[in-house]
Amino acid sequence: MALENGELYKELLDSQAHIWNHIFSFINSMTLKCAIELQIPDIIHRHGSPILLSELVEALGLKQERTYFVYRLMRILVHSGFFVKQSGGYLLAHTSRLLLKDEPLSVRPFLLAILDPMILDPWKHMTKWFQSDDLTPFATTHGRMLWDLASHEPRLNDFFNEAMASDARLVTSIILKHCRGVFEGLDSIVDVGGGTGTVAKAIVEGFPEIKCTCFDLPHVINGLVGSKNLSYVGGDMFQAIPSAHVVLLKWILHDWSDEECMKILKRCKEAIPSKENGGKLIIIDMVVKVHEGDNELLETQLFFDMLMMTLTKGRERNEDDWAKLFNDVGFSNYKITPILRLRSLIEVYP
């Protein structure tokens, strides 16, 4: 009986620890945000060798009384794998190179956007949203849908566009290097929801023969100037999409409900030629794989699904969900290339 009680107590305490870890998981996000805002990764990177705690505090311009608190901040970030201890000092872990301010593929703007109070506050109102008729927790919190508020709040519009541009740089660098065949032979492409043109610029740089159109809401592209092979067009993808050989939808459809996705896909289908004439869609989005063994990747995909529920009317989809959408709109077939780990490149044919 004592053994059984001992096992019971262990189970209870393990359950408590599991719950506590979830309760306090926000601390991982907020300590990382603090390190970014203090520019700790950049300071360590510029130092060029393991930086001592005292040197870090001095470089931060903090009072010596803060030394022990900086040590505690660094301790949890070392535990989380963002920094490593070596020769009594701190170095960047491999992951943290993506947090550097001047790193071309930095995810820093994305991190700061997702952890901005305007994006975080809706999570506090999720229970109220479930009990209301509001479309999203974001609308419950701010009184407007995300895209509507962004058109009225320049700060939200700016940091959201910067976040999307930072992600686009990383994704595009991989696709243009490892999936060049997807773009070869095309004469024109329209990037729907292309933001400030990060993807479009990379495409025309890598494929000068392609005429690329960056298509987004008027307030997003306002003031942006194109070039010889790049043009900016404002409009509403639910109404009409500029004609092109190929339509690109990077991280667009997960923002919308199935009904809205069908409307967007119908406009896409109208904008491209037949399959025989080379028409197709290129979709970059998540394909949730519930039964795969990589639990961390699945967890991140599920996090994004909850993010979509909180901020938009969209969701992350598995292959069956995507196949149904394509079939319902009348596309003939599709091909999924899971080259982006969390996301996949999907080619869809009329």
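Nothing in this text is a laboratory measurement; each read-out follows from the coordinates by a stated rule. Keep in mind that what you see is a predicted model, and the values were worked out from it rather than measured. In this analysis, Cβ positions are derived from the backbone assuming ideal geometry, glycine residues included, and neighbour counts consider all displayed protein chains.
Side notes on the structure shown:
- Qualifying trypsin sites (Lys or Arg not before Pro) in region 54-84, where qualification requires a DSSP coil assignment and no more than 12 other C-beta atoms within 10 Å, comprise 63.
- Long hydrophobic helices in the chain: the complete DSSP H runs spanning 15 Å or more by Cα along their own axis with mean Kyte-Doolittle hydropathy of at least -1.0 are 2-23, 26-37, 67-79, 154-178, 258-271, 295-311, 319-329.
- Rel. contact order, % - alpha carbon contacts under 8 angstrom, at least six apart, region 247-350: 35
- Given 269/289; 266/289; 85/201; 128/201; 128/266; 228/250, the pairs whose alpha carbons are separated by over 32 Å: 85/201; 128/201; 128/266
- Debye log10 I(q)/I(0) for region 240-298, one point scatterer per Cα, at q = 0.13, 0.15, 0.18, 0.27 Å⁻¹: -0.44, -0.55, -0.70, -1.10
- Net charge in the neighbourhood of residue 41 (other residues with Cβ under 14 Å of its Cβ; Lys, Arg +1, Asp, Glu -1) is +1.
- Proximal lysines to residue 101, defined as alpha-carbon separation beneath 20 angstrom and excluding residues fewer than eight positions away on the same chain: 33
- Dipole magnitude for the chain: computed about the Cα centre from +1 point charges on Lys and Arg Cβ and -1 point charges on Asp and Glu Cβ, it is near 780 debye.
- Amide N of region 225-250 lying under 20 Å from the label point, which is placed 7 angstrom from the Cα of residue 179 along Cα→Cβ: 244-250
- Relative to its residue count, the chain spans a Cα convex hull of 197 Å³ per residue.
- Applying D = kT/(6 pi eta Rh) to region 50-157, where Rh is the Kirkwood radius over alpha-carbon pairs, T corresponds to 37 °C and eta to 0.692 mPa s, the Stokes-Einstein value obtained is 193 µm²/s.
- Checking every one of the GluC sites (Glu not before Pro) in region 172-276 against DSSP loop status and a limit of 16 other Cβ atoms within 10 Å picks out 184, 209, 276.
- Over region 1-52: Rg over Rh, Cα atoms, Kirkwood Rh: 1.39
- Proxy reagent accessibility, fewest Cβ within 10 Å first, across 210, 76: 76, 210
- Choice from 140, 310, 95 showing the highest fluctuation, given a GNM over the chain with Cα pairs closer than 10 Å: 95
- Loop-located trypsin sites (Lys or Arg not before Pro) in region 101-209 (DSSP state not H, G, I, E or B) with no more than 13 neighbouring Cβ atoms inside 10 Å: 101.
- Approximating the spin labels as points 7 Å out from Cα along Cα→Cβ, the residue 134-to-residue 75 distance works out to 3.9 nm.
- Charge dipole (region 168-308, unit charges on Cβ, about Cα centre) - positive-most of 273, 252, 179: 273
- Overall Cα dimensions of region 170-307, principal axis frame, Å, largest first: 46, 35, 32
- Modelled spin-label separation between residue 123 and residue 52, with each label point placed 7 Å from Cα along the Cα-to-Cβ direction: 3.8 nm.
- Extension gain, residue 67 to residue 26: 0.36 nm times the residue separation minus the Cα-Cα distance gives 12.4 nm.
- Residue-count net charge about residue 139 - beta-carbon cut-off 13 Å; Lys, Arg +1, Asp, Glu -1: -1
- Considering only alpha-carbon pairs that sit under 8 angstrom and 6 or more positions apart, the relative contact order computed for region 32-125 is 26 percent.
- By other beta-carbon atoms within 10 Å, ranking 9, 349 with the fewest at the front produces 9, 349.
- Across the chain, C-alpha contacts under 8 Å between residues 6 or more apart give a mean separation that, scaled by the residue count, equals a relative contact order of 11 percent.
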